[in-house]
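First the structure, in the form of structure tokens, and then the observations on it.
The values are calculated or read from the model by the stated rules, or taken from the named source; none is laboratory data. Since we're looking at a predicted model, the values are computed, not measured. All Cβ positions, even for glycine, are placed from backbone atoms using ideal geometry, and neighbour counts span all protein chains on display.
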């Protein structure tokens with residue numbers, strides 16, 4: 001609703017109630033504008049529609065890929081989106097990612113935990129709600145500053161500036177963007193997945209990312225020991241997520257199905273199969289088996305029929321069954337096709353390295369069955385990007401007959417190679433990785449799962465070294481505050497960022513001239529006015 005229309009509507013309501021002395025229609029319109037989203041479901045519906053439009057745009061032009069950065073606190077997420085608006089003027093194509101890894105490591109009441117679904121599952125919807133609380137406050141803050149500027153323009157009689165500001169208010173772009181939220185392996189059975197999915201959607205999540213690992217054996221996708229489940233078990237959880245979206249009226253909700261099969265060599269179950277060639281039979285065909293020739297050799301073993309022969313799947317001491325070596329890519333392709341045929345919208349293939357042709361090879365096979373298949377890809381900090389791409393360039397040069405005698409492949413991470421032709425070639429491939437992978441490998445969305453975990457550690461390390469060393473207070477001033485001021489970082493006015501000015505506006509609405517406001521002449525934040 002346009003700002004002026006909002007004032008008129010509020011005035012009508014107030015008038016119909018007998019005037020409600022002291023209630024200002026303009027203040028009501030401002031508060032409503034600053035609180036556009038009333039519930040998490042409002043947010044989920046709004047952001048799901050954004051993702052659907054972006055997916056259609058990508059289908060039309062692969063250059064229209066989207067991006068996100070992972071976050072573990074509402075303030076971190078808020079600052080990302082504020083920064084995006086500041087630098088690029090729009091949030092279009094930029095989302096947030098909610099990482100289960102970072103919740104486990106940074107938000108669990110048990111303390112830092114590995115990414116094994118041991119953290120409280122309630123912390124996932126709680127973080128979604130927290131992120132959107134901060135994003136909504138970013139809206140309120142930005143609009144509040146526009147309202148203040150509008151008041152100043154009117155006070156000095158600048159009608160042209162006032163009209164410009166009213167247009168800016170009406171055209172305001174919200175900081176509320178889609179969040180792709182990690183539901184791990186569902187934290188239990190399909191019913192548990194459904195119940196958690198509902199909580200996440202009610203908190204505002206429009207996109208749920210679920211993986212095909214066993215819940216009670218779940219591992220980080222870039223660690224060893226991953227155990228997958230048969231397709232029907234996983235699809236039951238995918239359907240549980242879809243039912244949760246539909247029950248809550250979020251018809252455009254997005255399901256991202258992640259396969260860890262490339263690095264998972266184990267399964268906890270042998271799939272149920274009714275007839276040759278069904279999903280259970282296809283899953284079991286990847287099992288590493290040995291023919292049973294002597295029934296007396298069986299000791300509580302499970303045996304299956306394969307091509308008219310009785311075979312025994314190899315079982316480890318952990319009671320887990322292993323897949324045949326070298327079947328990871330085939331299992332990934334089957335996982336992806338199956339997911340898309342049973343309700344998934346986007347795919348996530350967890351790989352061991354960022355290699356475009358490896359990803360593209362699987363996507364080509366998937367698209368032979370599902371032509372519009374699209375991926376979400378983890379540009380993971382678990383990859384050594386510098387080393388991986390220098391090795392790729394080295395190998396490509398060597399295969400093409402180019403002289404690589406000046407380089408030692410075993411020490412390509414060395415800073416000695418930073419300014420070399422090989423190092424620069426590798427850096428250029430890193431720079432264009434997202435663009436190139438989206439065009440070649442069907443990647444709709446690129447994300448970094450744990451960026452702010454690393455940036456927090458790096459910046460804190462740098463500050464501690466300087467502040468507790470010889471630099472003393474200059475370590476903070478030169479390394480932090482002066483940069484904030486010169487780069488226009490809004491948080492240099494931390495009282496404003498925390499909502500102090502919004503509170504002052506409300507005090508004035510509520511108490512008029514009697515309001516005791518914090519933003520007076522003695523507020524030290526005034527030192528940053530220039």
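Look at residue 70 and say whether it is at pLDDT 95 or above and in a strand (DSSP E or B). Against the criterion (at pLDDT 95 or above and in a strand (DSSP E or B)), residue 70 qualifies. Take the conditions assigned to a helix (DSSP H, G or I), surrounded by fewer than 21 Cβ atoms within 10 Å (Cβ to Cβ), touching a helix residue (DSSP H, G or I) at 6+ places or on another chain (Cβ under 6 Å) and at pLDDT 95 or above and apply them to residue 198. Does it pass? Criteria met by residue 198. Scanning segment 14-38 for residues being touching a helix residue (DSSP H, G or I) at 6+ places or on another chain (Cβ under 8 Å) and either within 25 Å of residue 131 (Cα to Cα) or part of a helix (DSSP H, G or I) (or both) gives a total of 14. Does residue 244 meet the test of being at pLDDT 95 or above, buried (at least 21 other Cβ atoms within 10 Å of the Cβ), part of a helix (DSSP H, G or I) and more than 19 Å from the chain's Cα centre (by Cα)? Yes: the conditions hold for residue 244.
Residue-by-condition table, conditions (1) touching a residue at least 60 places away in the same chain (Cβ under 8 Å); (2) more than 27 Å from residue 76 (Cβ to Cβ):
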| position | (1), (2) |
| --- | --- |
| 157 | no, yes |
| 160 | no, yes |
| 173 | yes, no |
| 181 | yes, no |
| 186 | no, no |
| 191 | no, yes |
| 197 | no, no |
| 202 | yes, no |
| 207 | yes, no |
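The lone criterion from (1) assigned to a helix (DSSP H, G or I); (2) without any contact (Cβ under 8 Å) to a residue 60 or more places away in the chain left unmet by residue 46 is number (2).
Identify, from the list 54, 42, the residue that is more than 25 Å from residue 382 (Cβ to Cβ) and surrounded by fewer than 17 Cβ atoms within 10 Å (Cβ to Cβ). Walk me through how you get there before you give the answer.
Details: 54 fails: surrounded by fewer than 17 Cβ atoms within 10 Å (Cβ to Cβ).
Within the list 54, 42, the selection yields 42.
Tell me, yes or no, whether segment 440-459 has at least one residue that is under 21 Å from residue 358 (Cβ atoms), without any contact (Cβ under 8 Å) to a residue 60 or more places away in the chain and either surrounded by 15 or more Cβ atoms within 10 Å (Cβ to Cβ) or in contact with a strand residue (DSSP E or B) (Cβ under 7 Å, 6 or more places away or on another chain) (or both). Looking through segment 440-459, none of the residues is under 21 Å from residue 358 (Cβ atoms), without any contact (Cβ under 8 Å) to a residue 60 or more places away in the chain and either surrounded by 15 or more Cβ atoms within 10 Å (Cβ to Cβ) or in contact with a strand residue (DSSP E or B) (Cβ under 7 Å, 6 or more places away or on another chain) (or both).
What do you reckon, is residue 295 under 24 Å from residue 116 (Cα atoms), surrounded by fewer than 21 Cβ atoms within 10 Å (Cβ to Cβ) and in contact with a strand residue (DSSP E or B) (Cβ under 9 Å, 6 or more places away or on another chain)? It is false that residue 295 is under 24 Å from residue 116 (Cα atoms), surrounded by fewer than 21 Cβ atoms within 10 Å (Cβ to Cβ) and in contact with a strand residue (DSSP E or B) (Cβ under 9 Å, 6 or more places away or on another chain).
The residues in segment 276-310 that are under 26 Å from residue 336 (Cβ atoms), touching a helix residue (DSSP H, G or I) at 6+ places or on another chain (Cβ under 9 Å) and without any contact (Cβ under 8 Å) to a residue 24 or more places away in the chain can be counted, and the count is 1.
Scanning segment 410-434 for residues that are surrounded by 16 or more Cβ atoms within 10 Å (Cβ to Cβ), part of a helix (DSSP H, G or I) and over 25 Å from the mean Cα position of the chain (by Cα) gives 417, 422, 423, 425, 426. Within segment 465-490, track down each residue that is touching a helix residue (DSSP H, G or I) at 6+ places or on another chain (Cβ under 9 Å), without any contact (Cβ under 8 Å) to a residue 40 or more places away in the chain and outside any helix (DSSP H, G or I). Residues satisfying the conditions are 468, 469, 471, 472, 489. Inside segment 367-377, residues that are assigned to a helix (DSSP H, G or I) and without any contact (Cβ under 8 Å) to a residue 60 or more places away in the chain make up a count of 2.
Scanning segment 135-185 for residues that are within 18 Å of residue 97 (Cβ to Cβ) and in a loop (DSSP other than H, G, I, E, B) yields 175, 176, 177, 178, 183, 184, 185.
Residues of segment 347-383 that are out of contact with any strand residue (DSSP E or B) (no Cβ under 9 Å at 6 or more places or on another chain) and closer than 18 Å to residue 70 by Cα: 382, 383.
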